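Data block below; observations after.
The values are calculated or read from the model by the stated rules, or taken from the named source; none is laboratory data. Quantities reported herein were computed from a predicted structural model and do not represent experimental measurements. Every residue, glycine as well, gets a Cβ built from its backbone with ideal geometry; the counts of neighbours run over all protein chains shown. Quick note on the areas: whole protein, heavy atoms, side chains included, nothing else; ligands and nucleic acids left out. Shrake-Rupley method; radii C 1.70, N 1.55, O 1.52, S 1.80 Å.
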Amino acid sequence: MLPRYLTKSRFQLAMQCKTKLFYQGKPEYANKSMDDPFLLSLAEGGFQVGTLAKCYFPGGHEVEAKDPVEALRLTSELMRQDNVVIYEAAFLHGNLFVRTDILVKRGKLLELIEVKAKSFDSEKDSFLDRKGMVSRGWSDYLHDVAFQKHVLNLALPSYEIRAYLMLADKNARCPADGLNQMFRIKKDEWGRKRVNVSDSLKPEHLDPPILIRVTADECCDHIFQTGMDYCGEDVSFAEVVKRIARCYEKDEKINTPPSSICKGCEFQATEVELKLGLKSGLHECWKERLDWLDEDFNEQTVLDIWDFKQKDTLIQNGLIKLKEVTQQDISPKEDKKPGLS
C-alpha cells in the first residue's frame, strides 16, 4: 500500500470539513470538484502565477519528481548546498508531507514562500483584523503556510524558518503588455498541465515586479499559539495536525456535525450519479449523524434558505427540514420593495 501522507492540500480540505478527508481520492464517491470548470480555471490561474513567481528567483532548481520518495531524495541532495533556491522542495515528518512552492536556503536560514493567485495592497490590507485575529478572508491561505512551516520546523529543527505569502501587488503596474500571454498552459504527453514560458520573456518584462512577498511569521505564530476547535474540543494547532494526520493515515472517518458548510459539499451525488452506483459523502454523513433515510433527502432543508446567516443556529437546535422552521425562527424583515405576494 502507498503511504497515506497528509499534504497541504489535504490539510486545507480538512480545515473546511474534517469528514471530507475520508472521501477525498476515493473513486467510489462522487466529487464535483473534479470537473468544476470554475475551480479548474482558478487552478490554471494559480499555475501561471506560480511560474511567474519562480522568475523572480532565477537560478533555482526544480524538483520535478512526482514520486514522494524520489522528490525527497532530490531535495535532500540540493539541501547540501549552503545557498540554493529550490522549486517544489519536498519534506517529510511522520506522515506529514509538503512540497513548498519556493524555498530559499541561505546557510541555516530557510525562506518558505507560498505563492497565491490573490491580490494584496501593502498600504491598506492586513492579514489580521481589528481585534488582532487572523482575518477570515486570509484564514485559508495562512493556515496553508502555517501547516508548511509546522512540518518544516519538525523536519528541520536546526534551521530558522521564515514564512511568506507571495501575492499580486495591487499597487504595481504591469511592466509589459501581454505578460500573461508569455505563460501558456499546455498538457504534456501524460495529460498533465504545465506552464510553458515564452522564449520572448526578458528581464525588463519582470521589472518592476507585479508580485509582492509578504511576511506571514506573525500570523503563523498566532495560529500556533491560539487554540482551535477539534470536534468540540479546544486544542492547539499542532494537536489538530497530529489528530488529523493520524486519522488520515489509518483511513478513519472524522465525524463532524452537519452545518451550513454542507450546502457546498463537493461529495454530494446527484440522483443520476446515485443510480450509476456512485456514493454520496453528504448522504452518508447525514444518515450517520441525523438517522436520515433516503426519502428524507427529497425534502427542502434550512440550507435552502436564501441569504440567511443563522443556518448553523437552526441546525444546532435540531431544525433541519424547512417544514420544521417557523417564521419566528428566521425573523424575516420587510424591505418595503415591490414584489410578488
Quick one: with all protein chains in place, what share of the accessible area of region 160-319 is carbon or sulfur, to the nearest percent (1.4 Å probe)?
46
Heavy-atom accessible area of Val69 with all protein chains present, probe 1.4 Å, nearest 10 Å²?
100
Mind telling me which of Glu123, Glu160, Glu218 comes out most flexible in a GNM of the chain, alpha-carbon contacts under 10 Å?
Glu123
Percentage relative contact order, region 228-341, counting C-alpha pairs under 8 Å, at least six apart
17
In a solvent-free Debye calculation with one equal scatterer on each Cα, what is log10 I(q)/I(0) for region 205-341 at q = 0.11, 0.20 Å⁻¹, listed in the order of the q values?
-0.68, -1.24
Using a Gaussian network model of the chain whose springs link C-alpha atoms within less than 10 Å, name the residue from Asp304, Asp199, Asp125 with the highest mean-square fluctuation.
Asp199
Report Cys17's accessible area, 1.4 Å probe, all protein chains in place, as a number in Å² to the nearest 10.
30
Given Lys193/Lys263; Lys149/Lys287; Lys54/Lys279, the pairs whose alpha carbons are separated by over 32 Å
Lys149/Lys287; Lys54/Lys279
DSSP beta bridge pairing in the chain, given as percent antiparallel to the nearest 5:
70
Could you give me the radius of gyration and the Dmax of region 70-190, taking only the C-alpha atoms into account and expressing both in angstrom?
16.9, 51
Quick one: Cα centre-to-centre distance for region 53-89 and region 191-229, in angstrom?
16
With everything on Cα atoms, drop me the angle between helix 281-290 and the longest principal axis of the chain, reported from 0 to 90° to the nearest 10.
50
Mind ranking Leu274, Leu110 by accessible surface for me, highest first, 1.4 Å probe?
Leu274, Leu110
hull vol. (C-alpha, convex hull) per residue for region 205-252, Å³ -> 122
Could you tell me the largest-minus-smallest coordinate of the C-alpha atoms of region 119-218 on each of the three principal axes, in descending order and whole angstroms?
45, 37, 26
Rounded to whole Å, √(5λ) for the Cα gyration tensor eigenvalues of region 6-147, largest first, gives 26, 22, 16
When only Cα pairs under 8 Å and 6 or more residues apart are kept, what is the percent relative contact order across the chain?
19
Structure-derived P(r) over Cα pairs in 10 Å bins from 0, in percent - corresponding label in (i) 6, 27, 34, 22, 9, 2, 0; (ii) 5, 23, 31, 24, 12, 4, 1, 0; (iii) 5, 20, 28, 26, 15, 6, 1, 0:
(iii)
Mean accessible area per residue over region 95-225 (1.4 angstrom probe, all protein chains present, square angstrom) is 54
What accessible area, in Å² to the nearest ten, does a 1.4 Å probe give for Ser139?
30
Looking at region 237-341, which GluC sites (Glu not before Pro) are in a loop (DSSP not H, G, I, E or B) and have at most 12 other Cβ atoms within 10 Å?
Glu252, Glu334
Please sort by residue number the trypsin sites (Lys or Arg not before Pro) in region 129-180 whose DSSP state is loop and whose Cβ has at most 13 other Cβ atoms within 10 Å.
Arg130, Lys131, Arg136, Arg173
For region 268-329 (alpha-carbon point model, no solvent) the Debye-based log₁₀ I(q)/I(0) at q = 0.15, 0.22 Å⁻¹ works out to -0.52, -0.97
How big is the C-alpha Rg of region 166-274 next to the rule-of-thumb value 2.2 N^0.38 Å, as a ratio?
1.69
Can you tell me, using C-alpha contacts under 8 Å and at least 6 residues apart, the relative contact order of region 72-164 as a whole percent?
27
